[in-house]
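Notes to accompany the following structure.
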Amino acid sequence: MGATPLQVNEIDAGGHPVVLGDDALKQLDHTLSRAGHTSLFVLGDENTLRHCLPELLAHVPALRQARTISVQSGERAKDIAVCSDIWGHLTKEAADRDAILVCLGGGVISDLGGFVAGTYKRGIRWVVVPTSLIGMVDAAIGGKTGVDLGGVKNLVGVFHDPIGVYVHIPFLRSLGKRDLLNGLAEMIKHGLVRDAAHWKAICKAPLHDLKALNELVQRSAAIKAEVVKLDPREKDLRKVLNFGHTIGHGLEAHSWESPQRMLLHGEAVAIGMICEAWLSFREGFLERDLYELIAKQLMGLYKPYQYHSAEHHRMVELMRNDKKNKGGEFRFTMLTGIGSAKVDVPISALQVQAALEHYRLLVRNGAQV
């Protein structure tokens, strides 16, 4: 009798596959066993190496002799100095161009690890095993890598496709509600810019039910992969995935400087989506009732972030180095409906400040949209 077929769903993201399903990690084991590598390394943070690495090794025997590299958890790991430490470690371990780096973690680990892999010896192979919801549906897919510089998100990076992205849904059991909501923001974005039915399904989803979440993860990953395949280098269509991110990145960077709590990426993007949906309405792209529906849903899911009007100027300054800007102008993705969007819309700093003030007043008035 032949071997039992693996239970996987493989999605084509153009430059790499996204492998989901019960046997995704078994598929990874087969891939690594045939990859012809000289050495294997697993990059993770203290949390993923403690909570997820044992399960990864149980399913992927090919990694049991791999050497591990640990970095601190959180956005601060996305730093050139951390990259230098990892490059130095790989050099000390005599990693050559046939080495493979396996990135076990959320969006920070895939951004950082992919950049390290894309630049070490002009590029070595790498694999992503996302352990967070935001990694599974968005950050790990598409070959975008990068680190922060001078308080600006992802300012330095390269496009470097992994061998594949291997999604193991049970890793989500290790996440709390805040981390799940962090990833849910990107899933909401996918629905808002590409798939109204997906948006509606997410609005009704029970976050505690991994089975229900599994179907939504597969759809979100498919949306991201579809867009990436059509526009791998973000020349046009892929820019729709930036909805909520220009203002969101500014708010996220601002929160690093603030005495308040630091925003997670998805939390900042959720606020950015409220602001940018409002701009979409104000600029005549989106009906008012649709904006109000979006804002009500997002305000109900995410804790309010408070700031003063005097801080708008700094937030705008943090947005000026955004990669999507062109000729000194802000370029935004505007919603034209739930499930559709328009890219490269010029927006002024004054308009951005008006959107930030609109959100501030929503918070002050108890989220009365």
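The values are calculated or read from the model by the stated rules, or taken from the named source; none is laboratory data. Just so it is clear, the structure is predicted and the values come from calculations on it, not from any experiment. Methodologically, a virtual Cβ is constructed for each residue, glycine included, from the backbone with ideal geometry; neighbour enumeration extends over all protein chains shown. Accessible surface is based on the protein model in full, side chains and every heavy atom, while ligands, DNA and RNA are left aside. Shrake-Rupley method; radii C 1.70, N 1.55, O 1.52, S 1.80 Å.
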- Scanning the range 1-60 residue by residue, those surrounded by 18 or more Cβ atoms within 10 Å (Cβ to Cβ) and part of a strand (DSSP E or B) turn out to be 11, 17, 18, 19, 20, 40, 41, 42, 43, 44, 45
- Out of the range 89-120, which residues are in a strand (DSSP E or B) and among the aliphatic types (A, V, I, L, M)? 99, 100, 101, 102, 104
- Please work out which residue is nearest to the chain's Cα centre (by Cα), limiting yourself to the range 320-369 and to residues that are in contact (Cβ under 8 Å) with a residue 40 or more places away in the chain, open to solvent by 30 Å² or more (accessible area, probe 1.4 Å) and on the phi > 0 side of the Ramachandran plot. 344
- Message: Can you tell me which residue is farthest from residue 165 (Cα to Cα) among those in the range 107-130 that are in contact (Cβ under 8 Å) with a residue 60 or more places away in the chain and among the β-branched types (Val, Ile, Thr)?
- Response: 116
- Item | Tally of residues being part of a loop (DSSP other than H, G, I, E, B) and touching an Asp or Glu at 6+ places or on another chain (Cβ under 9 Å) across the range 121-137 | 2
- Breaking point among (1) among the aliphatic types (A, V, I, L, M); (2) crowded, with 23+ Cβ neighbours inside 10 Å; (3) outside any helix (DSSP H, G or I), for residue 262: (2)
- When residues of the range 61-79 are limited to those that are touching a strand residue (DSSP E or B) at 6+ places or on another chain (Cβ under 8 Å), free of Cβ contacts under 8 Å to residues at least 40 places away in the same chain and over 20 Å from residue 175 (Cβ atoms), the one surrounded by the fewest Cβ atoms within 10 Å (Cβ to Cβ): 65
- Query: Could you list, in sequence order, the residues of the range 310-319 that are in contact (Cβ under 8 Å) with a residue 24 or more places away in the chain and either touching a strand residue (DSSP E or B) at 6+ places or on another chain (Cβ under 8 Å) or not aliphatic (A, V, I, L, M) (or both)?
  - Reply: 311, 312, 313, 314, 318, 319
- Query: Just to be sure, is residue 124 in contact with a strand residue (DSSP E or B) (Cβ under 9 Å, 6 or more places away or on another chain), crowded, with 22+ Cβ neighbours inside 10 Å, of a type in the set (Val, Ile, Thr) and within 24 Å of residue 23 (Cβ to Cβ)?
  - Reply: no
- Are any of the residues in the range 203-218 within 25 Å of residue 355 (Cβ to Cβ), in a helix (DSSP H, G or I) and not aromatic (Phe, Trp, Tyr)? yes
- Query: Out of (1) surrounded by fewer than 19 Cβ atoms within 10 Å (Cβ to Cβ); (2) within 21 Å of residue 42 (Cβ to Cβ); (3) touching a helix residue (DSSP H, G or I) at 6+ places or on another chain (Cβ under 6 Å), the odd one out for residue 147 is which?
  - Reply: (1)
